[in-house]
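First comes the structure, then the notes that go with it.
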Amino acid sequence: MKNIQPILIDAITKALLEAEDTGDLVIATSTPTSVSASIAEKVQEVFTGDIFSPEELLALSQLIYHATADKRFYDWEMPTLIGYTVEEMKELGDRLRSLTTL
């Protein structure tokens, strides 16, 4: 699965540098990547925080955990049906769980 954070940081850095090149913005640091990382973190919070509550994220992560723990449920056909292998789904469940603050 693709980690979106480096992609966001790169896109934000490019946008900041383009804005500086056109004179719309002055970057007062020699490392705009650190500023971009901060912005990317806030953007990611919006996309994860406003879509599901922490309780819902925890419930989804538990659903994924139990589905991938039972080989009878997550059988050979499941990757074809949903597009993710059992390992990718486990990683997704872990990421969802890490987003919760419960």
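Quick one: residue 25 ticks every box in (1) in the same structural domain as residue 91 (by TED's automatic domain parsing); (2) surrounded by 11 or more Cβ atoms within 10 Å (Cβ to Cβ); (3) not in a helix (DSSP H, G or I) bar one, so which box is it?
Here residue 25 meets the rest and fails (1).
Report the residue count in the range 66-85 for those that are surrounded by fewer than 16 Cβ atoms within 10 Å (Cβ to Cβ) and part of a helix (DSSP H, G or I).
6
Give the residues of the range 47-102 that are polar (S, T, N, Q), at pLDDT 85 or above and in contact with a Leu (Cβ under 6 Å, 6 or more places away or on another chain), sorted by residue number.
Within the range 47-102, 61 is the sole residue that qualifies.
Please specify each residue of the range 1-18 satisfying the condition of being modelled with pLDDT under 90 and among the basic types (Lys, Arg).
The answer is 2, and nothing else.
Filter the range 34-85 for residues that are over 24 Å from residue 11 (Cβ atoms) and of a type in the set (Gly, Ala, Ser) and give the result.
If the condition is that a residue be over 24 Å from residue 11 (Cβ atoms) and of a type in the set (Gly, Ala, Ser), then 53, 59, 61, 67, 69, 83 are the ones that fit.
Given the conditions (1) at pLDDT 85 or above; (2) surrounded by 10 or more Cβ atoms within 10 Å (Cβ to Cβ), and given that residue 41 satisfies all but one, which numbered condition is not satisfied?
For residue 41, the exception is condition (1).
The values are calculated or read from the model by the stated rules, or taken from the named source; none is laboratory data. A quick note: this is a predicted structure, and the numbers were derived from the prediction, not measured. Counting neighbours? That spans all protein chains shown, and the Cβs are built from the backbone with ideal geometry, glycine included.
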